[in-house]
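Before we start, here is the structure in question, set down as structure tokens.
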Amino acid sequence: MLVPMAACGSSSSSSAKGNTGSVSIACSQQEDFCQAMTRAFSKETGIKTTYVRLGAGEVLARLATNPGEFDVWAGGQAENHLLAQDKGWIENYKSSAASNYPASYKDTTGSWTGFYTDSIAFCSSKSELKKKNLKAPTSWNDLLSPALKKSVGMPHPATAGVGYMAMYTQAVLHNGDEQQSVNYFKQLNPNVMQYSKSAATGTEQAGRGEVTVAIALDSDCEKAIQAGYNDLVTSYPKEGTGYEVGAVSVLKNGHNKANAKKFTDWILGTKAQNLYAGVPSFAAPTNPKATIGKNVPNQDKVKKVKWDMRKAADSRDAFIKAFESEVSSSKDAK
């Protein structure tokens, strides 16, 4: 089900700083983030701002079927933006607001620029772990334990970027062997309670004790903890884990190109990046001058695998096809 569009514009400030018109955003961040950032942009600029909350896979599908529906894509892994660029859906734009950003957070062609980052983690229910006499997992292999049968939450790679990130991570850990990655998820399949549409669903399931462990973003797990699921604990695989650079890009078929670039400049600027400290998304801002909020997972302490965004983008279709044919179509699939 598609998330309904929310209007965030402020007609009373429509002339703020001389700005007029509107901008439509495909937002692949958490709902709280989408609301807070679009509201802040609209208030500051006077530009009427609307958004639809969609997973990265859903955005790619909408861009294919509804060209011109959105002016900006904000959020989702950068490799997905590369896929959109491959399809001719992105207009390259190098924002001056990102001039001080590390090279790893922006594409040399200007197809995307990263505005937040976080990592794949294991989000576990302490009480459910205790019932099974288990400790919080610290290895990908820990998730294969028979004690976790039907107790793992896993986002579906076709709809949730984190699901695909987990698959690509396994390939990297196996020296690029994609079949080894598929084999891992075939082994994990009996332990998966449900392949959810989004990664955040898994953290809520763990918080309610419906699963013991969820493969999720560390930022999503922290968000669930701060939302009241105090029984949750975050851990990371010792072998290394995947990470995302959440990107923003200007869409070629958008009808409000100038306002799309203004939004891109704004969200990459220090002022907007500092808003992260007050928005309960718990992803880390990428602007080197931005303030990092309390309880945001320290990305410098996470052991990350070597991440090639071009390879991750190029491998996505084959991985998802293999997942659907060899994993989710099996008799144990959820």
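Grab the eigenvalues of the alpha-carbon gyration tensor for the range 14-121, scale each by 5, take roots, and send me the semi-axes largest first in whole angstrom.
Taking √(5λ) for each Cα gyration eigenvalue gives 22, 17, 15 Å.
Here is a further query. Ignoring ligands, DNA and RNA, what percent of the 1.4 Å accessible area of the range 177-257 is carbon and sulfur?
Carbon and sulfur together cover 44 percent of it.
Kindly express, to the nearest 10 degrees and within the range 0 to 90, the angle between helix 31-45's C-alpha long axis and the longest C-alpha principal axis of the chain.
In the chain, helix 31-45 runs at an angle near 10 degrees to the longest axis.
I want to verify the translational diffusion coefficient of the chain in µm²/s; compute it with Stokes-Einstein, Rh as the Kirkwood radius over Cα pairs, at 37 °C and 0.692 mPa s.
Using the Kirkwood radius from Cα pairs, D works out to 164 µm²/s.
To the nearest 500 deg cm²/dmol, what mean residue ellipticity at 222 nm is calculated for the chain from DSSP H runs of n ≥ 4 alone, each contributing -39,500 (n - 2.57), summed and divided by the residues?
Using -39500 (n - 2.57) per qualifying helix, the result is -10500 deg cm²/dmol.
With all distinct Cα pairs included, what does the Kirkwood hydrodynamic radius of the range 222-284 come out to in Å, to one decimal, could you say?
The Cα-based Kirkwood calculation yields 14.9 Å.
Let me ask another. Give me the percent relative contact order of the range 104-202, please, defined on Cα pairs under 8 angstrom at least 6 residues apart.
With pairs under 8 Å counted, the relative contact order is 28 percent.
If I compute solvent accessible area with a 1.4 Å probe over the protein chains, what percent of it on the range 59-109 is carbon and sulfur?
Carbon-and-sulfur percentage of accessible area, whole number: 52.
Turning to a different aspect of this structure: Tell me which of S28, T38, V59 sits at the most positive position along the dipole axis of the range 18-60, charges placed on C-beta atoms (Lys, Arg +1; Asp, Glu -1).
Of the options given, the answer is T38.
Now for a separate question. Sum up the charges of everything whose Cβ sits under 13 Å from the Cβ of E69, counting Lys and Arg as +1 and Asp and Glu as -1, but leave E69 out.
0
Order 241-253, 171-183, 291-303 from most to least packed using the mean count of other Cβ atoms within 10 Å.
241-253, 171-183, 291-303
How many Å² of accessible area per residue for the chain, probe 1.4 Å?
Averaged over the residues of the chain, the accessible area is 41 Å².
Work out the length of the dipole vector of the chain about its Cα centre, built from +1 on the beta-carbon of each Lys and Arg and -1 on the beta-carbon of each Asp and Glu, and round it to the nearest 20 debye.
In total the dipole reaches around 500 debye.
If you build a Gaussian network model of the chain, linking Cα atoms that sit under 10 Å apart, which residue out of S127, S198, S24 swings the most?
Looking only at S127, S198, S24, the largest GNM fluctuation is found for S127.
Can I ask one more? Run through the DSSP bridge list for the chain and note the antiparallel percent, rounded to the nearest 5.
60 percent
Could you state the angle between the C-alpha long axis of helix 178-188 and the longest principal axis of the C-alpha atoms of the chain, as a value from 0 to 90 degrees rounded to the nearest 10?
Result, in degrees: 60.
List, in order, the whole-Hz ³J(HN,Hα) value for each residue of the range 308-313 obtained from phi through the Karplus relation with A = 6.51, B = -1.76, C = 1.60 and θ = phi - 60°; use x for Gly and Pro.
9, 5, 5, 5, 4, 5
Would you work out which of S249, T109, S125 lies farthest towards the positive end of the dipole of the chain? Charges go on Cβ: Lys and Arg +1, Asp and Glu -1.
S125
Further question on the same structure: With Kirkwood's inverse mean 1/r over C-alpha pairs for Rh, give me the Rg to Rh ratio of the range 128-264, two decimals please.
Expressed as Rg/Rh, it is 1.05.
Dipole size in debye (nearest 20) for the range 147-216 around its Cα centre, Lys and Arg Cβ +1, Asp and Glu Cβ -1?
In total the dipole reaches around 220 debye.
Give the Cα extents of the range 186-334 along the principal axes, in whole Å, largest first.
50, 39, 29
Could you tell me how many degrees, from 0 to 90 and to the nearest 10, lie between the Cα long axis of helix 161-173 and the main elongation axis, the longest principal axis, of the Cα atoms of the chain?
Tilt relative to the chain: about 60 degrees.
The values are calculated or read from the model by the stated rules, or taken from the named source; none is laboratory data. Because the structure is predicted, anything quoted here is derived from the model rather than measured. Every residue, glycine among them, receives a Cβ derived from its backbone with ideal geometry; neighbour counts consider all protein chains shown. Remember, those area values only see protein heavy atoms, side chains included, never the ligands or the DNA or RNA. Shrake-Rupley method; radii C 1.70, N 1.55, O 1.52, S 1.80 Å.
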